[in-house]
1. Using the Cα atoms as the points, what is the convex hull volume per residue of the range 123-188 in Å³?
2. Looking at Ala234, Thr344, Ala486, which one has the Cα that reaches farthest to the positive end of the dipole of the chain (charges on Cβ: Lys, Arg +1; Asp, Glu -1)?
3. Using only protein heavy atoms and a 1.4 Å probe, report how much of Asp561 is accessible, in Å² to the nearest 10.
4. Against the globular-protein guess of 2.2 N^0.38 Å, express the Cα radius of gyration of the range 15-172 as a ratio, rounded to two decimals.
5. Starting from the range 411-472, pick out the trypsin sites (Lys or Arg not before Pro) whose DSSP state is loop and whose Cβ has at most 14 other Cβ atoms within 10 Å.
6. As a test of understanding, state the convex hull volume per residue of the range 542-591 from its alpha carbons, in Å³.
7. For the residue pair Arg183 and Lys421, what label-to-label distance in nm results when each label sits 7 Å from Cα along the Cα-to-beta-carbon direction?
8. Normalising by the residue count of the chain, find the relative contact order in percent from Cα pairs under 8 Å and 6+ residues apart.
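The values are calculated or read from the model by the stated rules, or taken from the named source; none is laboratory data. From a predicted model like this one, the values you see are computed outputs, not experimental measurements. Glycine also receives a Cβ, built like all others from the backbone with ideal geometry; neighbour counts cover every protein chain displayed. For the accessible areas, the whole protein counts, side chains as well, though only heavy atoms, and no ligand, DNA or RNA atoms are used. Shrake-Rupley method; radii C 1.70, N 1.55, O 1.52, S 1.80 Å.
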Amino acid sequence: MKNVLIPLLIATSSFAQLADHATPADKVKIAKGFKVELLYSVPKEQEGSWVSMTQDDQGRLICSDQYGALYRITPPALTGSPGETKVEKLSIDFGHCQGLLFHAGALYGVVNDDAYQGRGLYRCKDTNGDDQFDTVEMLRSFPGKAGEHGPHGVIASQDGKSLYVMCGNQTPEPSCETSLVPRHWAEDQLYPMLLGRGFMRDVLAPGGWLAHTDLDGKKWELVNTGTRNTYDIAMNRSGDIFGFDADMEWDTGMPWYRPTRVCFMQSGGEFGWRTCSKKWPVRWEDSLPPVVDIGPGSPTGVAFGYGAKFPVKYQDALYICDWSYGKMYAVHLSPNGGGYTGVTEEFMSGAPLPLTDIEVSKKDGAMYVSVGGRKVQSGLYRVTYTGGESTEAPVMMMGGGALGAESEASIRQRLEKLQTKDVPQAVETAWPYLGHADRNIRFAARIALEHQPVAAWKDQALNESNSRAALTALMALARSSGGDKALLQPVLAALNKIDLKALKGIDRVTLIRDYMLAFTRMGEPDAATKEALSKHLAPLFPTTDPALNRDLCEVLVYLDDSSIVAKAAPLVNGSPTQEEQIDYARILRFAKKGWTKELRADYFRWFLRAANYKGGASFDLFIGEIKQNALATMTEEEKLAIKDVLDAKPEAKAPSFTLKPMQFVKAWTLAELSKSLGVGLEGNRNFANGRNMFGAATCFACHRFNNEGGAVGPDLTSVAGKYSPKDLLEHILEPSKEISDQYGSTVFTMQDGSTVSGRIANMKENIMMVCTNMMDPNNFTNVDARKVVKTEESKISMMPPGLLFMLKEDDILDLMAYLLSKGNPDDPMFVK
């Protein structure tokens, strides 16, 4: 055992001198009232880079090197003079764990590579009482190859009698003995995928998964599927599990990009990850929505603050780690029907600060935080509260809701007990909830139904008169059909009875999604059926809902509708967002009917504009595939007719998301515009123009709003609840006046005097990949940490000023109304 004393503050040393040490505590930002200490910088050559952590029954921490051994750490006491951090390499030949749990007197480890007996869940025990683990056994092997999308987190159940294990999408489901997820998952997309760089192109559903097992790892039950690469999970006091799922950064800028997100890991759940371009949008009800989107990043460890000597708000928070951007968020969760909503707060950050795991000590109530991974410099930090608020544990209240009323969470939990085969009265019990107002409850009821024999409820689904319940029941029937084409006509007839114009919100999307599922699950309709469906659905396009329009357009193209090209092709150039334009280009690439020479020429001119659009590493390849697919549908004569367009070369210039060039209007000031905010926002604004202006001002390029747009800047969907109209306008006009910690940049001064300003987006060993331009998220500058002499926060926002200078006053007011409406066109601010 070696004893090491680490200075808590290293304020005078240069960054270069600290290249072999973790970022000093004075360079780490922490929430107000909290204190952070650097307890230990891991000697990389001897002890590796730590990626997972747990605590034993004596309050000692156990950490695993990503590619090596286990280490046991005894932190110094919280009180008194600074003590030593004791670090001991455990004698057992075991490690390489991306998940660790000390529980019931044993150490459980999840190995994510080919070490020992390969990927799987292991258990270590101390059989002779000498305070050293001396036996290790594999409880369950996991199929698949080594990689960072493999087996990850492990936690104990609420009663301590079982375990939950989380695995990424590179790990096939290990033939669980039972499943809460109906085993009829599929890709469920109408068109072939676009490959891009083709990462995991051969990985099909179910993707990443969560499983439940006993303490001996004998019997396994599949809990949910469809995640991408959730590294860790945590359980709240109600027994509900949460995970922090990964994005696919190569998809940035594409309509199917999904930011990193916190998910409530609902029983029987499906979260819609599919490979390459096949990912499901959040609006499709055959998947579950996230609790909250975070943005680009690399999710690692998560933990609730239970037991921490923090104020109650922070005891109850879910803490999530972003490895690449060096940020820990406190997610403040609130029950919302049968699910949850969340509000994020940046809690801890640094550059670099490659966070890997979190443990709240049962011994001293402090939070311990590890950094490391991918052979970068590793370290151990401690976070304590030093403010004036009470740190007493909250008093747990029993019950809730009106007297005699069953809570929506209780309804969901009751339905989840029906998620197994042949449960008596399951159909009768679940059916009333198929039309429930809450999406999580509808989902739970549908999954219960899909577990039961189709013959027991098929006729009831086909004859359901309540539109909301019918949408859910017909979705269940399509998914459970087993490819029975005899069901196609009855399902289509039942869907045709539902009037889309009488539906609202997500119900309209679900109706069109049900048509998609009928086709993907029961087969392509014959020509006569296609023609009849086309006549039924074509008059509905376009609607006032941009997302619904894209789904409806896709179905109409699939049905060979002759009118859709004339209506949808102008939207390739005319939509306000890069993602929406790309999606129409993707959908129309297989359209066969309705093209004219002019429509074809305009369609292919769009590719000249798109050459200046920016995105992830697969962006240009995706755009190229769309173009090649579209060309493949044309005859040589059709190509010759627009040869000048097809032969044209793109002109390199700044991206523009509008066909009409934007002209400078005025250098608007807050004083000028604030005079119009009161009366100007009262009931006479134009929703569509506000959305268009969000695109024209390039806001969509960086910001997400109502599940569309970029993700490198803050998600603006909830700004109405955070800012007054005047405050919001000030943030837009003067972005550098107050810079969010979450999206601030760092200035790195190099040995040669040069500087690099941006955000660390990735790391490997000593190299930091810095994003210097929010408009070009895939353009990185490599910075060698060994050559950095100083780091400091940038006082200049990465958001450029003057974005409103190209807009007229009415356009700005429409934009403000759009932002303050949360994307709801029925808001009273808008003209009806």
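1. Values: hull volume 10.0 nm³, N = 66.
Hull volume normalised by residue count: 151 Å³.
2. Ala486
3. 10 Å²
4. Values: Rg = 17.0 Å, N = 158, 2.2 N^0.38 = 15.1 Å.
Expressed relative to 2.2 N^0.38 Å, the Cα Rg reads 1.13.
5. Answer in residue order: Lys417, Lys421.
6. Details: hull volume 3.2 nm³, N = 50.
Convex hull volume per residue, Cα atoms: 63 Å³.
7. Between Arg183 and Lys421, the simple spin-label model gives 0.8 nm.
8. Values: 1845 pairs, mean separation 86.6, N = 832.
Once normalised by length, the contact order is 10 percent.
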